[in-house]
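Single-structure report; data block below.
Read-outs throughout are calculated quantities, based only on the coordinates presented, and are distinct from any laboratory measurement. This structure is a prediction, so every number in the text was calculated from the model and none was measured. Here the Cβ positions follow ideal geometry from the backbone for every residue, glycine too, while neighbour counts run over all protein chains shown.
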Amino acid sequence: MAVGLGVRDARLAKHWSVAGLAARAGVSRAVAYLAEAGQPTSVEAVVRLATALGLRLELDLVDPRRGAEKPSLSRDPVHSAMGEFEAGHLRGTGVSVGIDEPYQHYQFAGRADVVAWDVERRALLHIENRTRFPDFQEMAGAFNAKRAYLGNALAERLGVGRWEAETHVIAALWSSEVLHVLRLRTESFRALCPDGAAAFGDWWSGSREHVRGRASILVVLDPWASGRQRPFVGLDAALRARPRYRGYADAATGVARAA
């Protein structure tokens, strides 16, 4: 999957079609599609695709007894930029904000990308940022665990007792890559995040009068929205929306420009 995403990002950055890449690499269009989808293909085909894109193929030998290393957020500039954008905006509405907030539930430990809370209204917002969806099951499992345990852990830490409202949000990058996955697995995302974007909109606008109960929401987000552009839309609108970025590489270019 990592090879496939690398091939896709590099192809989109060059504005090539899959057919164009296949022709340059000397492989069939079907092989190029399989490689981008993360499906098994020959090492020779991957080398040909990498060479055509100006990439260098590197292989690692990994001891299977060693636990997988969790990627650092500092290695994902787009993910970091999304969190910075959200935290800055939410703090401006007058709520308390935490980034990469740790929590523990018995033997389960995790971290929340962005959280905001309003103690007076006993309201909690949790945002899980996603630049891609390489593994839906892994993502859904992590999100479900945070929905189950994060609120109680933070309520105890902050001395709230219990939250009157919990809003859990998956904020996905507004890219063609993400929109494609949303359209392929619409019903899976609806089951995971069945609620509309209204509660998140209330948090974003600074009006939390109507935030009540528990909500699970998916939005697509553009952390570099400018002018009159809306920075996010909910799932239903996302299924009809045009992408703001072609893929991760395009968004990473935005990070470099902003820096």
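How big, on average over all directions, is the shadow cast by the Cα convex hull of the range 6-47, in nm²?
Its Cα hull, projected and averaged over all orientations, spans 2.6 nm².
Using θ = phi - 60° and the Karplus form 6.51 cos²θ - 1.76 cosθ + 1.60, what ³J(HN,Hα) does each residue of the range 38-47 get, whole Hz, x for Gly and Pro?
The phi angles translate into x, 8, x, 8, 6, 4, 4, 5, 5, 4 Hz.
Given Thr51, Thr41, Val3, which one lies farthest toward the positive end of the charge dipole of the range 2-53, if we put +1 on the Cβ of every Lys and Arg and -1 on the Cβ of every Asp and Glu?
My answer, from the dipole projection, is Thr51.
In nm², what is the average projected area of the convex hull enclosing the Cα atoms of the range 168-259?
6.5 nm²
Pull up the DSSP beta bridges for the range 74-258 and report the antiparallel fraction as a percent, rounded to 5.
Approximately 45 percent, going by the DSSP bridge assignments.
How big is the charge dipole of the chain about its Cα centre, in debye rounded to the nearest 20, if each Lys and Arg gets +1 on its Cβ and each Asp and Glu gets -1 on its Cβ?
640 debye
In the range 133-209, how does Rg compare with the Kirkwood Rh, expressed as the Rg/Rh ratio over alpha carbon atoms?
That ratio equals 1.02.
Could you work out how far the C-alpha centroid of the range 77-119 sits from that of the range 150-214, in angstrom?
13 Å
Mind grabbing the base-10 log of I(q)/I(0) for the chain at q = 0.15 Å⁻¹? Debye formula, identical points on the C-alpha positions, no solvent, two decimal places.
Log-scaled intensity ratios, in q order: -1.13.
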